[in-house]
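Here is the structure we will look at.
The values are calculated or read from the model by the stated rules, or taken from the named source; none is laboratory data. Small disclaimer: the values here were computed from a predicted structure and weren't measured. Note that each Cβ is placed from the backbone with ideal geometry, even for glycine, and that neighbours are counted across all protein chains shown. Heavy atoms of the whole protein, side chains included, go into the accessibility calculation; ligands, DNA and RNA do not. Shrake-Rupley method; radii C 1.70, N 1.55, O 1.52, S 1.80 Å.
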Amino acid sequence: MEFKKVFKDRKEYGEYFKNLIELEREAEKEFHIREIKLLTGKEREQRGRAILGLKASYKGEIVGGYKVYRFGRPDMPENHQIKVGDVVLVSRTNPLKEGVEGTVYEKGKRYLDIAFSDPPPDLTRGYWRVDLFVNDITFKRMNAALTRFEEGKTEYPEEVILGKGKDLLKVREEEIKPFNGNLNEYQIEAVRRALGSEPLFLIHGPPGTGKTTTLVEVIEQLVKNKKEQVLATADSNTAVDNLMERLIKRGIDVVRIGHPARVSKELIEHTLDYKVQNDPDYERVKEIERKIDEIEAQQANYLKPTPQWRRGLSDKQIMELARQNRKTRGIKLSKLKSMAKWLELQEEIKKLIEERKKIETRIVDKVLSNSQVVLATNSTSGSEFLENRTFGVLVLDEASQATEPSALIPLIKAKKVIMAGDHKQLPPTVLHPDAKPLSYTMFERFTELYPEAVYMLRIQYRMNELIKEFPSEKFYGGGLISHEGVKNIKLSDIAAKRSENPALDDTPIVFIDTLGKFAEKSRRGSFSKYNPEEGKLVKKLVEELKEMGIRPEDIGVITPYKDHEDYLKGLIPDVEVKTVDGFQGREKEVIIISLVRSNPDEEIGFLEDLRRLNVAITRAKRKLILVGDAKTLSSHPVYKKLIDYIREKGKYLTVEDLEGNDTP
């Protein structure tokens, strides 16, 4: 698979990525369309990508004029994957024929609130189904950004993007007085270099090292000391909300662009829609809207000039004939005059709409210009609101989880970029096998091309020293340092009582070898794996942790396989169970990793993606328990090293060692 680092020119760059995103767009759409075609609604519901038999009720309008309806039923499936911000298809029975797109605004145990710009008719009657679907807008914006770049319409130096910009880089340090007095020496150094370097700086933030804290300081320095207006983006709404929340706490004036349904409720007053609608000048917009409503009510008294009535006459001809009191082509004069009056009122409406648009544009420009930081997802930074706006600096968080075309959308709007990420963790998910080069991110490419512009944060605030040590050596050149506050944290600090189970003592890292006794299984028609006996052992461990007084919300269960996740959720309903991808960016006091694979051929499949292993083992703070078949796993040298490390520094147990504890 080709992963291009350097491009000949803008044309080659544009064509290369346009081809890849078109493959991926088709793959994403095809995935949902194929599934909707192949599976019954019930089967899709079982996979968590549809909910059937929903009743709808009208909840009201939200910012932006979107109409919100609540879809619910008393026994909503708990394992559905539909979340706030997702684009869904709402239909009676056939999503592909009659589905209407909406955006999930709020989610509860027994309902989904969905926002529509144009809701389906008769929503409050009968039963509905809601399906996850593809959102094409992101692909269109990536395509548009690539076209702009091909045409040379970029604020950012094209040589750097093409991979030929080494001579343009200036890596310098700038003296600062930190606003946040709790920054460590490496975070301060990263801020100094980020501020002093041009036109690129990359902050490499391994797990728990506080890269977002560092970025917040960078932004605060930029807006308060350098008086720069900053564009701050990330690939996910969650990451943008997290950054926004922290900036607000620092007293920074922010505005968030994006669909209000995708912004957390607490932050809604900082959205562009909210600020525009609460601007004093918006009163005139409301007046105009009232006037339009009045005129439309008047229009109802006149004949609308549909093809049936106008008989091929143009608007101009209707108006002229009515003025001259002349009938024509079998159209009565009264009807001509009625249509002319309708057109006259329509012209008034058109002028009012144009005036409204001008006022709204003026307010938007004012709100954006007066904000110190403009926040958006990478995709939303390509919306019409920012179409002709440029920025001195772009701060791009989660850069190692954004495909290159996604990162390009905001990048071409700025003269300088500061990125933060960790290319040793999971890359963006890519569906199409021929689009795999999209998983090679701009952050990773720039890290390899411009190593002098990269700085790694080193002090981690999450893990016990023994949990940290293996990933530090394997993935970060032994460079991670544990902060004194977490170095020796242990399970008994948060437990009410001890357990007789040797796996649940204060040893921070434990491996439980299933000795090949628990065979992996596959569901019919699925490429995924699950392991029922291993799942039962995990359930037992979770129950014993809760008996020790560990709160369910402090326990996380991670597995690499979706089918095993589904199986575990059925066994362990009150503890968070997710795939590795679902746990990226998260942490828990206790993590149990169920590795699933156990087979005579010693195949470990996609466990070979070591970035997945890195994410999994760096989520735990006090206690990390890995459950798996050592013989199968040791066929891979890195898993063998991990098990050897646990034998030496942690605790290696077998299911036989646990048999006195009623192990299944």
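Taking the residues in region 9-44 that are of a type in the set (Lys, Arg) and in contact (Cβ under 8 Å) with a residue 12 or more places away in the chain as candidates, determine which candidate is farthest from Lys140 (Cα to Cα).
Out of the qualifying residues, it is Arg44.
Out of region 613-642, which residues are surrounded by fewer than 19 Cβ atoms within 10 Å (Cβ to Cβ) and touching a Phe, Trp or Tyr at 6+ places or on another chain (Cβ under 9 Å)?
If the condition is that a residue be surrounded by fewer than 19 Cβ atoms within 10 Å (Cβ to Cβ) and touching a Phe, Trp or Tyr at 6+ places or on another chain (Cβ under 9 Å), then Lys641 is the only one that fits.
Search region 100-138 for residues being open to solvent by less than 30 Å² (accessible area, probe 1.4 Å) and either within 18 Å of Glu30 (Cβ to Cβ) or of a type in the set (S, T, N, Q) (or both), and hand back the single one that is farthest from the chain's Cα centre (by Cα).
Asp131
Select, from Glu544, Glu553, the only residue that is surrounded by 15 or more Cβ atoms within 10 Å (Cβ to Cβ), among the acidic types (Asp, Glu) and closer than 16 Å to Glu589 by Cα.
The conditions single out Glu544.
On the given criteria, is Gly85 in contact (Cβ under 8 Å) with a residue 60 or more places away in the chain, within 25 Å of Lys37 (Cα to Cα) and crowded, with 16+ Cβ neighbours inside 10 Å? Please lay out each step first, then the result.
Values: in contact (Cβ under 8 Å) with a residue 60 or more places away in the chain: yes; within 25 Å of Lys37 (Cα to Cα): yes; crowded, with 16+ Cβ neighbours inside 10 Å: yes.
Here the answer is yes, as Gly85 does meet what is asked.
Sort out which residues of region 462-494 are in a helix (DSSP H, G or I), farther than 18 Å from Asp644 by Cα and of a type outside the set (Val, Ile, Thr), and write them in order of number.
First, pick out the residues of region 462-494 that are in a helix (DSSP H, G or I): 465-475, 484-487, 491-493.
Among the residues that remain, those that are also farther than 18 Å from Asp644 by Cα are: 484-487, 491-493.
Answer for region 462-494, where residues must be in a helix (DSSP H, G or I), farther than 18 Å from Asp644 by Cα and of a type outside the set (Val, Ile, Thr): Glu484, Gly485, Lys487, Leu491, Ser492, Asp493.
Within region 568-599, work out how many residues are touching a residue at least 40 places away in the same chain (Cβ under 8 Å), in a loop (DSSP other than H, G, I, E, B) and open to solvent by 30 Å² or more (accessible area, probe 1.4 Å).
4
Failed condition for Glu602, given (1) surrounded by fewer than 17 Cβ atoms within 10 Å (Cβ to Cβ); (2) part of a helix (DSSP H, G or I), with all others met?
The one condition Glu602 does not meet is (2).
From the list Lys621, Lys631, Lys640, which residue is touching a Gly at 6+ places or on another chain (Cβ under 8 Å) and not in a loop (DSSP other than H, G, I, E, B)? Lay out the reasoning, then the answer.
Working: Lys621 fails: touching a Gly at 6+ places or on another chain (Cβ under 8 Å); Lys640 fails: touching a Gly at 6+ places or on another chain (Cβ under 8 Å).
Testing whether each residue is touching a Gly at 6+ places or on another chain (Cβ under 8 Å) and not in a loop (DSSP other than H, G, I, E, B) leaves just Lys631.
What is the residue count in region 547-573 for residues that are within 26 Å of Pro207 (Cβ to Cβ) and of a type in the set (D, E, K, R)?
Within region 547-573, the first condition is being within 26 Å of Pro207 (Cβ to Cβ), and the residues that meet it are 548, 550-562, 564-565, 568-569, 572.
Within this subset, residues satisfying the condition of being of a type in the set (D, E, K, R) are 551, 553-554, 562, 565, 569.
Number satisfying all stated conditions: 6.
Name, by its number, the condition in (1) in a helix (DSSP H, G or I); (2) open to solvent by 20 Å² or more (accessible area, probe 1.4 Å); (3) in contact with an Asp or Glu (Cβ under 7 Å, 6 or more places away or on another chain); (4) over 30 Å from Leu545 (Cα atoms) that does not hold for Pro437.
(2)
Filter region 188-213 down to the residues that are polar (S, T, N, Q) and open to solvent by 10 Å² or more (accessible area, probe 1.4 Å) and list them by number.
Pass one, region 188-213, residues polar (S, T, N, Q): 197, 209, 212-213.
Result: Thr212, Thr213.
Can you name the condition, by its number, that Ser371 falls short on among (1) in a helix (DSSP H, G or I); (2) surrounded by fewer than 22 Cβ atoms within 10 Å (Cβ to Cβ); (3) of a type in the set (Gly, Ala, Ser)?
For Ser371, the exception is condition (1).
Within region 243-257, track down each residue that is touching a residue at least 60 places away in the same chain (Cβ under 8 Å) and open to solvent by 20 Å² or more (accessible area, probe 1.4 Å). Talk me through it step by step, then tell me what you get.
If we filter region 243-257 for residues that are touching a residue at least 60 places away in the same chain (Cβ under 8 Å), which is where we start, we get 243-244, 247, 250, 252-257.
Across region 243-257, the qualifying residues are Arg250, Asp253.
Looking at region 49-67, which of its residues are open to solvent by less than 40 Å² (accessible area, probe 1.4 Å) and free of Cβ contacts under 8 Å to residues at least 60 places away in the same chain?
Gly60, Gly65
Is it the case that region 331-352 has a residue that's closer than 30 Å to Gly392 by Cβ, open to solvent by 70 Å² or more (accessible area, probe 1.4 Å), in contact (Cβ under 8 Å) with a residue 12 or more places away in the chain and part of a helix (DSSP H, G or I)? Please lay out each step first, then the result.
Keep residues of region 331-352 that are closer than 30 Å to Gly392 by Cβ, which gives none.
No - not one qualifying residue is present in region 331-352.
Only one of Arg462, Arg389, Arg458 is open to solvent by 10 Å² or more (accessible area, probe 1.4 Å) and touching a Pro at 6+ places or on another chain (Cβ under 7 Å); which? Write out each step before concluding.
Working: Arg389 fails: touching a Pro at 6+ places or on another chain (Cβ under 7 Å); Arg458 fails: touching a Pro at 6+ places or on another chain (Cβ under 7 Å).
Of the residues listed, the single one that is open to solvent by 10 Å² or more (accessible area, probe 1.4 Å) and touching a Pro at 6+ places or on another chain (Cβ under 7 Å) is Arg462.
Name the single residue that is nearest to the chain's Cα centre (by Cα) among those in region 83-99 being not in a loop (DSSP other than H, G, I, E, B) and not acidic (Asp, Glu).
To start, the set of residues in region 83-99 that are not in a loop (DSSP other than H, G, I, E, B) comprises 87-91, 95-98.
With not acidic (Asp, Glu) added as a condition, the list becomes 87-91, 95-97.
Working: Val87: 12, Val88: 16, Leu89: 19, Val90: 22, Ser91: 25, Pro95: 24, Leu96: 25, Lys97: 28 Å.
In this case the residue turns out to be Val87.
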